[in-house]
1. With label points built 7 Å along Cα→Cβ from the Cα atoms of Lys22 and Val10, find their separation and express it in nm.
2. Which order, highest average first, do 55-68, 116-129, 20-33 follow once you tally other Cβ atoms within 10 Å for each residue and take the mean per peptide?
3. Once fully extended, how much extra length lies between Lys37 and Val136, figured as 0.36 nm per residue of separation less the alpha-carbon to alpha-carbon distance?
4. How much length is gained if the chain between Ile123 and Asn87 is pulled fully straight, taking 0.36 nm per residue apart and subtracting their Cα-Cα distance, in nm to one decimal?
5. Computed from the coordinates I sent, volume of the Cα convex hull per residue in Å³ equals one of [x] 130; [y] 142; [z] 104. Tell me the label.
6. Which whole-number percentage describes the relative contact order of segment 40-143, with Cα contacts under 8 Å and a sequence gap of 6 or more?
Amino acid sequence: DQNSENPMVVFDSPSGDIIHVKLKVTNINGCSDSIIKPVTILDKFSVYLPNAFSPNGDFINDEFFPVGRNLEFGDNYDFRIYNRWGNLLWMSKIPYQGWDGRVESSMSSGKIAQEDVYVWRLIVTDPFTGEDHEIVGTVTLMM
């Protein structure tokens, strides 16, 4: 409302943007003034991971990695994949770098892991709040 004493406006920002907001006021005598200020939209931390992927070389779901808001700006990014016995198979410190299903060990020589359910763990610090997040889940590797 134009004449609200305490106006409220909702801004939608899919990627944590800086929005320039203009406030214009007019007094009862018709004198007006305005000011423009940048407002940074702080997104809530969110992360999504699929529950299956198929590293079969068809360019569809060939890699497994977290996606979410502001992951590339977070600190302490650590994404790891473990087998059912708790052995570390793969890790990355780089956001959006995906696991291609290959096992990085001297025994596997870079072969794609067998079809199975694997455990993943993601640790990342929210860039806006400084809050640490540790998220654990499972993914099914399918061929």
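FYI, it's all coordinate maths here, none of it is from the lab. All figures in this text were calculated on a predicted structure; none of them were measured in a lab. Ideal geometry is used to build each Cβ from the backbone, glycine not excepted, and the neighbour counts take in all protein chains shown.
1. 2.4
2. So the order, starting with the most tightly packed, is 116-129, 55-68, 20-33.
3. Gain on stretching Lys37 to Val136: 31.6 nm.
4. 11.2 nm
5. So the calculated entry is the one marked [y].
6. 29
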